[in-house]
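The values are calculated or read from the model by the stated rules, or taken from the named source; none is laboratory data. Owing to the predicted nature of the structure, the values given are computational and were not obtained by experimental measurement. Cβ placement follows ideal geometry from the backbone for every residue including glycine, while neighbour counts extend to all protein chains displayed. Remember, those area values only see protein heavy atoms, side chains included, never the ligands or the DNA or RNA. Shrake-Rupley method; radii C 1.70, N 1.55, O 1.52, S 1.80 Å.
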Amino acid sequence: MSKATLEDLRVLSVIPPMTQLNTPYPSTAYLTGFLRSRHIDAAQEDLALGLVLRLLSSTGLEEVALKVDEVTARKRSPSLQAFVAQRQRYLNTIDAVIAFLQGRDSTLAHRIVSRQYLPEGPRFSALEAYVDDETGDPLGWAFGALGMQDRAKHLATLYLNDLADVLRDAVDPRFEFVRYGESLAASQATFDPLACALAAPKTLIDCYLESLTLEALARHAPTVVLISVPFPGTVYAAFRIAQTIKAHYPEIKIVLGGGFVNTELRELSEPRVFDFVDYVTLDTGERPLLALLDYLLGKRSQQRLVRTYVRDTVTSEVRYINMVEPEVPFEEVGTPTWDGLPLSDYLSLLDMLNPMHRLWSDGRWNKLTVAHGCYWKKCSFCDVSLDYIGRYETASAGVLADRIEAIVRETGQTGFHFVDEAAPPKALKSLALELIKRDLNISWWGNIRFEKTFTPELCQLLAKSGCIAVSGGLEVASDRLLDLMKKGVSVDQVARVTRAFSDAGVLVHAYLMYGFPTQTVKDTVDALEYVRQLFENGCIQSGFFHRFTCTVHSPVGLNPAEYGVTLEALPPTSFAKNDIGFVDPTNVDHAALGVGLRKALYNYMHGIGLDEDVRSWFPIKVPRTTVASHYIQYALEQSSRS
């Protein structure tokens with residue numbers, strides 16, 4: 001490429017609503033850093049944050065209030081009633097609350113904790129479940145006398161959640177802070193629902209997003225726009241952004257990529273997608289993007305694109321082009337950059353009072369990857385056949401430490417979230433030693449496998465290097481099912497590893513699953529008893545139960561007979577394809593069991609109910625657990641003796 005050509009090429013990467021509000025989703029930081037390492041003019045915008053800040057302002061709420069007036073004649077939800085009754089208080093407080101959550105005005109905490117300053121809607125009723133009988137304080141058990149900032153942050157988060165309910169009830173029923181219009185895209189075999197939504201009259205949220213998009217285009221004057229869609233809950237807004245660009249700047253080339261595309265659009269054949277975007281790329285973006293930019297600059301033919309969908313200009317049919325080329329090595333993808341993102345504008349929210357669980361929404365974390373893919377890549381519920389799992393590649397500890405140092409210099413912040421599928425223990429040990437050697441004072445947390453390599457000595461080393469928390473998959477807490485999952489761990493082993501981390505002062509979160517093929521009611525009850533004992537023995541501090549979903553790319557979806565299930569037939573697919581139904585001969589009512597699992601876990605995370613029979617949490621009759629009441633304690637004692 002000539003120097004003049006590079007100057008003419010301007011790439012803008014955008015984050016569509018909705019993603020996290022406390023920190024930027026990292027895809028644009030990765031792409032921008034990579035492109036700049038190749039001397040390509042690249043910028044980035046977080047339209048998810050921009051949309052929320054525009055809506056949650058005194059000016060935005062004035063317009064929302066008008067929408068509330070329009071719908072209250074026919075709709076009287078509790079959230080709307082609370083807003084109407086306290087409308088002026090919301091308008092008077094919203095700007096100050098946002099500034100507080102951005103860390104700009106800490107002294108406002110005094111007024112917030114008084115419970116006289118903020119208007120309180122239905123979301124505040126959750127506080128009454130944990131009122132201290134002696135003091136009457138609903139939050140004293142969690143924050144104590146010294147936790148004013150956290151107490152205020154939690155109350156302010158409830159306040160914003162009330163407003164999110166107002167937006168849902170008065171402006172757009174698809175709106176949520178962490179996802180937007182998710183049902184329009186998730187595993188949708190046809191583009192029709194999304195096409196209808198995009199053809200409908202614009203909502204107030206759509207109008208704000210259109211305005212933000214045009215402002216970003218005016219700032220950066222891009223020739224190419226990359227729209228990253230990590231989740232189904234970002235797809236609708238991504239297409240609205242693309243729709244705006246096409247309407248006002250049809251010469252700009254639009255590229256769609258990201259996690260949703262990589263998992264759900266692998267059999268894309270819907271031509272209407274290309275009314276909104278020009279190209280759709282799969283898997284890791286660096287190589288396809290370089291090939292596409294070369295093509296746009298006349299440096300290669302269209303037939304030499306890499307993992308890219310296009311619409312044929314003659315037949316209008318969708319074509320998939322994949323000129324096989326080596327991936328850009330993980331060590332050469334460059335350092336992520338947050339340059340251009342308003343780091344001081346992100347909101348530190350406190351939805352969950354649990355000290356581990358809060359990490360996902362509280363604080364701005366620099367997100368970084370220790371390795372590409374998963375070193376284990378055997379779990380039968382996981383998309384091990386796809387690139388983001390199956391292609392494992394590492395970088396040296398020196399390269400990772402260099403990236404960390406560069407990011408700290410750029411952002412001025414030392415908190416890191418390693419976003420690997422499962423950070424490899426060998427790489428973490430090398431990185432820990434390098435961090436200690438360089439005297440790099442950072443705090444970090446990330447996802448791991450609870451494998452035996454994490455000895456007490458290694459856990460102590462990781463803690464010394466700055467590790468504050470880990471999360472990992474215990475999944476079903478049943479050795480039979482763990483073997484069927486090919487998880488490569490046992491309940492005993494998980495107990496030992498999690499306790500080693502906890503003893504080192506590292507918080508531990510367990511991902512938990514129910515509804516896996518052939519999982520019985522007894523398996524589920526026993527699993528909850530194991531989990532109760534893990535909490536009771538201080539092995540884990542946080543957890544989350546999710547319902548197993550069979551995907552077409554997982555071993556269960558590819559070989560269902562091996563797991564004792566049969567798959568339901570999928571309709572003809574031209575758009576998204578991922579989740580697939582299955583018939584399990586055990587015929588267990590997992591939906592009813594899930595209610596009890598989630599209720600129990602919520603209480604365990606707050607230190608409540610650990611001495612109760614696990615059967616008491618379930619809304620249906622379940623059998624007594626056969627797990628010994630001191631099983632985990634015994635396993636830990638045996639481990640310490642050996």
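Data for the structure
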quantity: Debye, to nearest 20: dipole size of the chain, +1 on Lys, Arg Cβ, -1 on Asp, Glu Cβ; calculated: 380 debye
quantity: Relative packing of 41-49, 424-432, which averages over residues the other C-beta atoms within 10 Å, highest first; calculated: 41-49, 424-432
quantity: Using alpha carbons only: equivalent-ellipsoid semi-axes of the range 574-642, gyration tensor based, whole Å; calculated: 32, 19, 15
quantity: Of P585, I241, V489, farthest towards positive along the dipole that unit charges on Lys, Arg, Asp, Glu beta carbons give the chain; calculated: V489
quantity: Lys/Arg +1, Asp/Glu -1 at C-beta; the chain dipole; positive extreme among L528, F450, A185; calculated: F450
quantity: Cleavage-rule hits (trypsin sites (Lys or Arg not before Pro)) in the range 1-99: DSSP loop, at most 10 neighbouring Cβ within 10 angstrom; calculated: R74
quantity: Translational diffusion coefficient (Stokes-Einstein; Kirkwood radius from C-alpha pairs) of the range 539-613 at 37 °C, 0.692 mPa s, in µm²/s; calculated: 217 µm²/s
quantity: No Cys partner within the rule (Cβ under 4.7 Å), the chain; calculated: C196, C207, C374, C459, C467, C539, C550
quantity: Listed residues H372, L558, L217: farthest to the positive end of the dipole of the chain (Cβ charges); calculated: H372
quantity: Helix-only CD estimate at 222 nm, as mean residue ellipticity for the chain, using -39500 (n - 2.57) per DSSP H run (n ≥ 4); calculated: -12000 deg cm²/dmol
quantity: The range 230-309: trypsin sites (Lys or Arg not before Pro) falling in loop per DSSP and having at most 15 other Cβ within 10 Å; calculated: K299
quantity: Summed residue charge, Cβ within 10 Å of V521's Cβ, Lys/Arg positive, Asp/Glu negative; calculated: -1
quantity: In sequence order, calculated HN-Hα J values of the range 373-381 (Karplus, 6.51, -1.76, 1.60; Hz; x Gly/Pro); calculated: x, 10, 6, 8, 6, 10, 4, 6, 8
quantity: Structure-derived Cα extents along the principal axes in Å: which label, when the choices are (1) 94, 65, 45; (2) 122, 50, 48; (3) 70, 57, 56; calculated: (3)
quantity: Where the range 151-244 is the region considered: accessible area per residue in Å², 1.4 Å probe; calculated: 29 Å²
quantity: Environment charge at A561 (Cβ cut-off 15 Å; Lys +1, Arg +1, Asp -1, Glu -1); calculated: -3
quantity: Loop GluC sites (Glu not before Pro), the range 492-601, which have at most 13 other Cβ atoms in a 10 Å radius of their Cβ (DSSP); calculated: E568
